[in-house]
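Take a look at the structure below.
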Amino acid sequence: DFEGFPDDLNEFVNEGTGDNLGIELTLEKFLSKGYYFLFTSSLYDSKYKGSDNIERNTAFNSNYVFNLLAGKELPVGKSKQNTLGFDIRANYMGGRRYIPIDQKATEEQNSIVYNYDLAYENKHKDYFRIDVKLSFNLNKPQVTHKFILDFTNVTNSENIFKENYNVSTGAFSYVYQPGFMPNFQYKILF
């Protein structure tokens, strides 16, 4: 049983429609004068109408997404042949839509039962994440050594991946996406 889908896949028929309406804005400055940035945003509404002729949100209807990517590179070294870099990435978007668990039916059947009548009506809290990257490029005549220190989710935001329900205890819990995580990388380019 895949979360959100009935056990009997023969129940699916191709009699529905879907509508996506929205607006996007992108601002970009390519790397020049040692810095760059990219800002993207989307405001949208994504709906579908199934064979029951009821309009619902799609699973992907988080309604808004904002992304910012920016960076600065500084030449360093005696002849300024090496580079020191700083990059930041920020993401903010509406929460994930989900199909709620029917607690009463789940307790009666002692197995998780989803309430498809309320499919994608609600969503989890908004998603927010900031990543920061520091890098140093040591450029030699025939090889470049890249040292990268990447800090993922520096604010340690608890972004919900999905909701779980424990049939034995009757308790709801969440599975979260990864929190703060430092990562070191070393690359050789030749």
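The values are calculated or read from the model by the stated rules, or taken from the named source; none is laboratory data. Remember, predicted model here, so these are calculated numbers, not experimental data. Here the Cβ positions follow ideal geometry from the backbone for every residue, glycine too, while neighbour counts run over all protein chains shown. Note: accessible area is taken over every heavy atom of the protein model, side chains too, but ligands, DNA and RNA are not part of it. Shrake-Rupley method; radii C 1.70, N 1.55, O 1.52, S 1.80 Å.
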statement: Checked pairs for the range 1-28, first open to solvent by 100 Å² or more (accessible area, probe 1.4 Å), second at pLDDT below 70 and not in a loop (DSSP other than H, G, I, E, B), C-beta under 6 Å and 6 or more apart or across chains, list as none
statement: In the range 66-86, anything open to solvent by less than 30 Å² (accessible area, probe 1.4 Å) and within 22 Å of ASN153 (Cβ to Cβ) is listed as ALA70, GLY71, GLY85
message: So TYR36 passes all but one of these: (1) free of Cβ contacts under 8 Å to residues at least 12 places away in the same chain; (2) open to solvent by 50 Å² or more (accessible area, probe 1.4 Å). Which condition number does it fail?
response: (1)
message: I need the full set of residues from the range 114-150 which are assigned to a loop (DSSP other than H, G, I, E, B), surrounded by fewer than 17 Cβ atoms within 10 Å (Cβ to Cβ) and touching a residue at least 12 places away in the same chain (Cβ under 8 Å), in order please.
response: ASN115, GLU121, LYS125, ASP126, GLN142, VAL143
field: Enumeration of residues in the range 98-113 that are open to solvent by less than 30 Å² (accessible area, probe 1.4 Å) and either assigned to a strand (DSSP E or B) or acidic (Asp, Glu) (or both)
entry: ILE101
message: When the residues of the range 151-184 are narrowed to those that are in contact (Cβ under 8 Å) with a residue 60 or more places away in the chain and part of a loop (DSSP other than H, G, I, E, B), which ends up least open to solvent (accessible area, probe 1.4 Å)?
response: GLY170
